[in-house]
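S.K.: My structure is below; once you've seen it, I'll send some questions.
The values are calculated or read from the model by the stated rules, or taken from the named source; none is laboratory data. This one's a predicted model, so the numbers in the text were calculated from it and none came from an experiment. In this analysis, Cβ positions are derived from the backbone assuming ideal geometry, glycine residues included, and neighbour counts consider all displayed protein chains. Just the protein is used for accessible areas: all its heavy atoms, side chains included, with ligands, DNA and RNA removed. Shrake-Rupley method; radii C 1.70, N 1.55, O 1.52, S 1.80 Å.
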Amino acid sequence: MTAFRISEAAPLLGVSDDTLRRWIDSGQLASARDSAGRIVVEGADLATHLRDSAHGPHDPVQRASSARNRFVGIVTNVIADTVMAQVELQCGPHRVVSLMSSEAVRDLGLEVGSLATAVVKSTTVIVETAKES
């Protein structure tokens, strides 16, 4: 089973090493010691914690949808010509870029600083892992 040292797990959780140590000390996250005596978090425990604590900002669009990948964020850039536009959103630590018609940008009132939700529905998702040495 995969185990992550504190310095590896903390960035995955978006917290500092010290915060992760406090979570471990308070029992919010299980830990163990590796063969060198270092504190580690098992990958399965890390995955459970990430899943259970995952909650983004409130999604302002209240509707039913089959799309489960919804990222609420702020529009950080809009580049538009007469026909097409590129809209960038910062959704927490994630940068999401959408290509759409300039008409859609106008209809949605998208401009830098606008609150928006990026909805991603894809049949192709690529998953990568580190190359084993």
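S.K.: Please list the radius of gyration and Dmax for the chain, considering alpha-carbon atoms only, with Å as the unit.
M.R.: Cα radius of gyration and Dmax of the chain are 19.6, 62 Å respectively.
S.K.: Rounded to two decimals, what ratio of Rg to Rh does the range 5-45 give with C-alpha atoms and a Kirkwood Rh?
M.R.: Here Rg/Rh amounts to 0.92.
S.K.: Hey, what's the chain come to in accessible area per residue, 1.4 Å probe, Å²?
M.R.: Details: 9700 Å² over 133 residues.
Solvent-accessible surface per residue comes out at 73 Å².
S.K.: Next question, about the same structure. Once R0 is set to 30 Å, what does the formula 1/(1 + (r/R0)^6) return for the Cβ-Cβ distance between Ser16 and Ala104, expressed as a FRET efficiency to the nearest 0.05? Intermediate results must be reported in sequence, preceding the final value.
M.R.: On the way: r = 40 Å, r/R0 = 1.33.
It comes to 0.15.
S.K.: On the protein heavy atoms, probe 1.4 angstrom, tell me the percent of accessible surface of the chain carried by carbon and sulfur. Can you show the working numbers first?
M.R.: On the way: 5070 of 9700 Å².
Solvent-exposed carbon and sulfur of the chain make up 52 percent of the total.
S.K.: Determine the gain in length on full extension of the stretch Ser65-Asn77; use 0.36 nm per residue of separation and subtract their C-alpha separation, reporting nm with one decimal.
M.R.: Values: separation 12, 0.36 × 12 = 4.32 nm, distance 2.63 nm.
Contour length minus the Cα-Cα distance gives 1.7 nm.
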